[in-house]
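Shown next, in C-alpha cells, is the structure this report addresses.
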C-alpha cells in the first residue's frame with residue numbers, strides 16, 4: 001500500500017533514510033559522520049519538512065514505512081529528492097511502485113518531466129534508473145551535509161514514462 005506521508009511517519013522516514021545512507025553511501029561520506037551526526041541531521045530535516053507542510057502530497061510511503069519517496073515541484077518539473085527502500089524489501093518492486101505513484105500525482109499537478117541526482121558511488125541505482133528510461137544529462141560534485149560528493153543527474157522528459 002502506498003499513501004501520502006503524515007507527520008506521525010516522520011521518525012520512521014528519518015530512520016529508514018539514515019539506515020539506507022549507512023548501507024549505500026560508505027564511499028560518499030565519512031564513516032564517523034554516517035554512523036553518528038547524520039542521524040540527527042536527517043531527523044531534524046524531516047521534522048522541519050513536516051512542520052512546514054504537515055500534509056505533503058509528493059512525499060509517499062510504502063507499507064509500514066518499508067520505503068519512501070519525496071519529490072518537489074521545480075520550474076514545472078518534478079525533482080525527485082529521495083527514494084529509499086529498506087534493504088529487507090529490495091527486489092519487491094516497491095521503488096518502482098513509489099516512482100509510478102509519485103509520477104501520477106505530479107502529472108495531476110500539471111508537472112511535465114522529472115529529474116534526480118544519484119551519488120556516483122551508488123552504482124545499483126544507475127541500472128535501476130536506466131531500466132526506467134532515465135537519461136543521464138550531467139555530472140557534478142555537490143555539497144552533501146558539508147562533504148563534497150560526485151553525482152549524476154538523470155532526466156525523464158515525460159513523466160508518463162514512469163507510470
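The values are calculated or read from the model by the stated rules, or taken from the named source; none is laboratory data. None of the values given here were measured: they were computed from a predicted structure. Cβ coordinates were reconstructed from backbone atoms using ideal geometry, including for glycine residues, and neighbour counts include every protein chain displayed.
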Within region 114-137, count every residue that is closer than 27 Å to residue 30 by Cα, surrounded by fewer than 18 Cβ atoms within 10 Å (Cβ to Cβ), in contact with a strand residue (DSSP E or B) (Cβ under 8 Å, 6 or more places away or on another chain) and in contact (Cβ under 8 Å) with a residue 24 or more places away in the chain. 3
Criterion violated by residue 140 - all others in (1) surrounded by 14 or more Cβ atoms within 10 Å (Cβ to Cβ); (2) under 30 Å from residue 37 (Cβ atoms) satisfied: (1)
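The rows are residues; the columns are (1) in contact with a helix residue (DSSP H, G or I) (Cβ under 6 Å, 6 or more places away or on another chain); (2) farther than 25 Å from residue 153 by Cβ.
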{"position": "72", "(1), (2)": "no, no"}
{"position": "80", "(1), (2)": "no, no"}
{"position": "91", "(1), (2)": "no, yes"}
{"position": "114", "(1), (2)": "yes, no"}
{"position": "123", "(1), (2)": "no, no"}
Could we say that residue 92 is over 16 Å from the mean Cα position of the chain (by Cα) and either crowded, with 16+ Cβ neighbours inside 10 Å or under 23 Å from residue 14 (Cβ atoms) (or both) here? yes
Return the residues of region 22-45 that are under 26 Å from residue 64 (Cβ atoms) and free of Cβ contacts under 8 Å to residues at least 60 places away in the same chain; say none if nothing qualifies. 22, 34, 35, 39, 40, 42, 43, 44, 45
Verdict on residue 12 being in contact with a strand residue (DSSP E or B) (Cβ under 9 Å, 6 or more places away or on another chain), farther than 26 Å from residue 142 by Cα and surrounded by fewer than 19 Cβ atoms within 10 Å (Cβ to Cβ): yes
Does residue 56 count as under 18 Å from residue 94 (Cα atoms), surrounded by 14 or more Cβ atoms within 10 Å (Cβ to Cβ) and within 16 Å of the chain's Cα centre (by Cα)? no
If we keep only residues of region 78-89 that are in contact (Cβ under 8 Å) with a residue 40 or more places away in the chain and either touching a strand residue (DSSP E or B) at 6+ places or on another chain (Cβ under 8 Å) or under 19 Å from residue 134 (Cα atoms) (or both), then the residue surrounded by the fewest Cβ atoms within 10 Å (Cβ to Cβ) is 82
Options 34, 42; residue that is over 16 Å from the mean Cα position of the chain (by Cα), at pLDDT 95 or above, buried (at least 18 other Cβ atoms within 10 Å of the Cβ) and more than 25 Å from residue 158 (Cα to Cα): 34
